[in-house]
Amino acid sequence: PADGTPFLYDYQVKGMLKDSCKMLAKAGKAGYAGGKACAAIKAYKQAIDGLIFVTPREILYDLHGMKMDYCAQTPMGERVSIAKSESVPAGSTVEFEIECLDCKLEDMVRECLDYGKKRGLGQWRNSGKGRFEWEEVKE
C-alpha cells in the first residue's frame, strides 16, 4: 500500500502451499502422519492453482507497534549491503482467507499451514525466518 505497511501478496501464500505440499507429500509417502493428505493429492500444483483461492490480494501485516528489521544474509553471515530484504518482527500477524473449491483439499491446506511452524513463509524460509503458527476461524 501507499502508506508503506508491509504485506504479503496472495500468490506468496499459494507458493508456500505448493512448496509445503511437495515436501509433505514426500514425507507422507515415507510414513510421516503429518503428510498423509498431501501425499493423497494428485497434481497438487494444478489443484492449488485452480481450486484454492487466497484473499485479499494484499495481505497486510499488523506489527503491533514493533519496528521493521532488515536482513542481508550471506554465506559468511549478516552483512551491510546496497540491496536489503525487509523482515517483520516476531509476533507480527496477518489475516487472510483460503477458499477451497473442492472440500477434499481442506486437510491438505491444514497440513501445509501446520508445516509453516517448521518451514515458514517468504523468501527467507530456508534460513528459518518466516516460521508461523496459524489459527482457523470459522465464519
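In square angstrom, what is the accessible area per residue of segment 23-69 with a 1.4 angstrom probe?
Working: 2950 Å² over 47 residues.
So segment 23-69 comes to 63 Å² accessible per residue, rounded to a whole number.
Which of the listed residues, F53, L121, V137, is farthest toward the dipole's positive end in the chain, when Lys, Arg count +1 and Asp, Glu count -1 at the beta-carbon?
Going by the charge dipole, the pick is L121.
Which residue, A39, A90, A25, tops the fluctuation ranking in a GNM of the chain built on C-alpha contacts under 10 Å?
Evaluated over the chain, the most mobile residue of the options is A90.
Size of the dipole of the chain about the Cα centre, Lys and Arg at +1 and Asp and Glu at -1 on the beta carbon, nothing else charged, in debye to 20?
Working: 21 positive and 21 negative charges, 190 e Å.
The dipole magnitude comes to about 920 debye.
Just to make sure I understand: if all protein chains stay in place, what is the order of C103, C38 by accessible area at 1.4 Å, largest first? Please list the in-between numbers first.
Working: C103 95, C38 0 Å².
Heavy-atom accessible area, descending, gives C103, C38.
Here are several values of Cα extents along the principal axes in Å: [x] 44, 38, 23; [y] 36, 35, 27; [z] 42, 31, 27. Which one was derived from the coordinates shown?
[x]
Can you tally the net charge around E106? Count Lys and Arg as +1, Asp and Glu as -1, for every other residue whose Cβ sits under 11 Å from the Cβ of E106. Working shown, then result.
Details: positive: K104, R110; negative: E99, D102, D107, E111, E136.
Residues close to E106 contribute a combined charge of -3.
Once you've got the Cα coordinates, tell me which of K45/K129; K29/K67; K29/K129; K14/K138; K26/K104; K36/K129 are over 31 Å apart.
Numbers: K45/K129 24 Å; K29/K67 42 Å; K29/K129 27 Å; K14/K138 20 Å; K26/K104 19 Å; K36/K129 26 Å.
Exceeds cut-off: K29/K67.
Could you run the Karplus curve 6.51 cos²θ - 1.76 cosθ + 1.60 with θ = phi - 60° over segment 21-30 and give me ³J(HN,Hα) per residue in whole Hz, x for Gly and Pro?
Karplus-based 3J(HN,Hα) across segment 21-30 equals 4, 4, 5, 5, 5, 4, 5, x, 5, 8 Hz.
How many nm separate the modelled label positions at L60 and D3, each set 7 Å beyond the Cα in the direction of the Cβ?
Those two pseudo-labels are separated by 0.5 nm.
Once neighbouring chains are kept in place and the probe is 1.4 Å, which whole percent of the accessible area of the chain is contributed by carbon and sulfur?
Working: 4830 of 9320 Å².
Ligands and nucleic acids excluded, carbon and sulfur give 52 percent.
The values are calculated or read from the model by the stated rules, or taken from the named source; none is laboratory data. None of the values given here were measured: they were computed from a predicted structure. Cβ coordinates were reconstructed from backbone atoms using ideal geometry, including for glycine residues, and neighbour counts include every protein chain displayed. These accessible areas exclude ligands, DNA and RNA; they are computed on the full protein's heavy atoms, side chains included. Shrake-Rupley method; radii C 1.70, N 1.55, O 1.52, S 1.80 Å.
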